[in-house]
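Trainee: Starting off with a structure, shown below.
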Amino acid sequence: MTAMDDPFRNLEARTGRPMHEWVELVSHSGLQKHGEIVAWLKEEHGVSHGFANGIALAVRSGDAPPTGDALVDAQYAGAKAALRPVLDRLLALARELGDDVEVAPKKTAVSLRRSTQFAVVEAPSAARVGLGLQLRDHPTTDRLRAARGMCSHTVDVRSVDEVDDELAGWLRTAYERN
């Protein structure tokens, strides 16, 4: 996932408000034209042009792009709902690794970062959660397979019972290397 996939991920850090609060503020302003909204956000609130444009688009479309919990809820809805406990257990393990772990939900996955991404959790099907790990030069096993892309290895997890000490060790190693 790149910055282009989530251009508003830094909105709250840069402006002090998450998207839903900006949408509510603009809605109460009475402004309706795109250009007026953009100008007002820039002039009255010091919002950059890019963020102002995105907020105006969200207001005019009637909703803001989902963030945080809403993204995760959408990923684990319907047929994938039974996999939510697996995600929750993996996130709990990750948070136990250190105070510097950042859990960053995206549209189709949840990224785990420290200084860089060290793992990613996604539900590619209703039958399993995929845990991608950044473990360059780590040996593979029948369970820990080589992968391409951002993560060098992947593990399929079908139940909370499979979130065991072995998997926790791989997650810790990925965390410590990044």
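Trainee: From the list Gly46, Gly54, Gly62, which one is modelled with pLDDT of 80 or more and at positive phi?
Mentor: The match here is Gly46.
Trainee: Look at Ala109 and say whether it is in contact with a helix residue (DSSP H, G or I) (Cβ under 8 Å, 6 or more places away or on another chain) and hydrophobic (A, V, I, L, M, F, W, C).
Mentor: yes
Trainee: Does Asp99 fit the bill of being of a type in the set (Asp, Glu), touching a residue at least 12 places away in the same chain (Cβ under 8 Å) and open to solvent by 70 Å² or more (accessible area, probe 1.4 Å)?
Mentor: no
Trainee: Can you say whether Ala13 is closer than 20 Å to Leu71 by Cα, open to solvent by 60 Å² or more (accessible area, probe 1.4 Å), among the small types (Gly, Ala, Ser) and at pLDDT below 85, as far as the supplied structure shows?
Mentor: Details: closer than 20 Å to Leu71 by Cα: yes; open to solvent by 60 Å² or more (accessible area, probe 1.4 Å): yes; among the small types (Gly, Ala, Ser): yes; at pLDDT below 85: yes.
When the stated conditions are applied, Ala13 passes them.
The values are calculated or read from the model by the stated rules, or taken from the named source; none is laboratory data. From a predicted model like this one, the values you see are computed outputs, not experimental measurements. All Cβ positions, even for glycine, are placed from backbone atoms using ideal geometry, and neighbour counts span all protein chains on display. Calculation scope for accessible area: heavy atoms of the full protein, side chains included, ligands and nucleic acids excluded. Shrake-Rupley method; radii C 1.70, N 1.55, O 1.52, S 1.80 Å.
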